Amino acid sequence: MADQTHVLFVEDDDVIREATQLALERDGFAVTAMPDGLSGLEAFRADRPDIALLDVMVPGLDGVSLCRRIRDESTVPVIMLSARADSIDVVLGLEAGADDYVTKPFDGAVLVARIRAVLRRFGHAGGAAQAGESSDPVNGGTLAFGDLEVDTDGMEVRRAGRPVALTPTEMRLLLEFSSAPGSVLSRDKLLERVWDYGWGGDTRVVDVHVQRLRQKIGQDRIETVRGFGYKLKA
């Protein structure tokens, strides 16, 4: 298991859980599958997986609450699974710290592609880019925007001299803004660059992450340009 990408999969539907586990294992992942949130939390603490797939509606400890508990302890990537694309559960999951979500029923190939895309963003071997490729949107150095400092070499952020804890997805989002301060970046462009979506995606993912980033670096640091996207104030 040490040489494989380890996936924690929490799903209460026996058929979906077993079928998805088999599909992921055929693609080379090591999978720990749990039927409820409490056992999922125990497995997370015991095994420290590389990525977590959490169904929103699981018993004991629901997926959103489980995501919050995981995020309190780790920056491991989290993908939420939801049966309703328009559900408030999607937004709640993202606000709880999830990096992405997939709507059920899902195609196995699509799920694997999303997992690999998230892992590439996090620099994990299971989804890493080929040798020589770089996904960094900015050159090395420290960038300053008012009281905000972004160290693109050390991947550290400070606000008024104090460290700011960002998840890897939030960090990549900030790096994109930092690479073009004052320029408007559309939601579609951010989906492509940060979430590695080569296809259409749900822009709510961008909106919620921008909201979370604002809470950490300052509400007025990222400006909304209605009808176009967002920009970082230089």
Open item on the list: What pairs come out if I take residues in segment 219-234 that are open to solvent by less than 80 Å² (accessible area, probe 1.4 Å) and pair them with residues that are of a type in the set (S, T, N, Q) and modelled with pLDDT of 90 or more whose C-beta lies under 9 Å away, six or more apart or interchain?
Closed with: GLY229/SER186; TYR230/SER186; TYR230/THR224; LYS231/SER183; LYS231/THR224; LEU232/SER178; LEU232/SER183
Open item on the list: Which residue is surrounded by the fewest Cβ atoms within 10 Å (Cβ to Cβ), if the candidates are limited to segment 29-61 and must be of a type in the set (Gly, Ala, Ser), outside any strand (DSSP E or B) and modelled with pLDDT of 95 or more?
Closed with: ALA46
Task: Where a residue in segment 14-40 is closer than 19 Å to ARG114 by Cα and its partner, wherever it lies, is part of a helix (DSSP H, G or I) and aromatic (Phe, Trp, Tyr), with Cβ under 9 Å and at least six apart - done: THR32/PHE44
- [ ] Give me a count of the residues in segment 162-193 that are in a helix (DSSP H, G or I), touching a strand residue (DSSP E or B) at 6+ places or on another chain (Cβ under 6 Å) and open to solvent by less than 40 Å² (accessible area, probe 1.4 Å).
- [x] 2
- [ ] Determine if segment 135-146 includes at least one residue that is at pLDDT 90 or above, part of a helix (DSSP H, G or I) and buried (at least 16 other Cβ atoms within 10 Å of the Cβ).
- [x] no
Open item on the list: So the check is Cβ under 6 Å with 6+ separation or different chains; which pairs have a first residue in segment 83-95 that's farther than 17 Å from VAL58 by Cβ and open to solvent by less than 70 Å² (accessible area, probe 1.4 Å) and a second one that's outside any helix (DSSP H, G or I) and at pLDDT 85 or above?
Closed with: ALA85/THR103
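The values are calculated or read from the model by the stated rules, or taken from the named source; none is laboratory data. Given the structure is predicted, the values throughout are model-derived calculations rather than measurements. Cβ sites come from the backbone with ideal geometry, for glycine too, and all protein chains shown count toward neighbours. Ligands, DNA and RNA are excluded from the accessible area calculation, which covers all protein heavy atoms including side chains. Shrake-Rupley method; radii C 1.70, N 1.55, O 1.52, S 1.80 Å.
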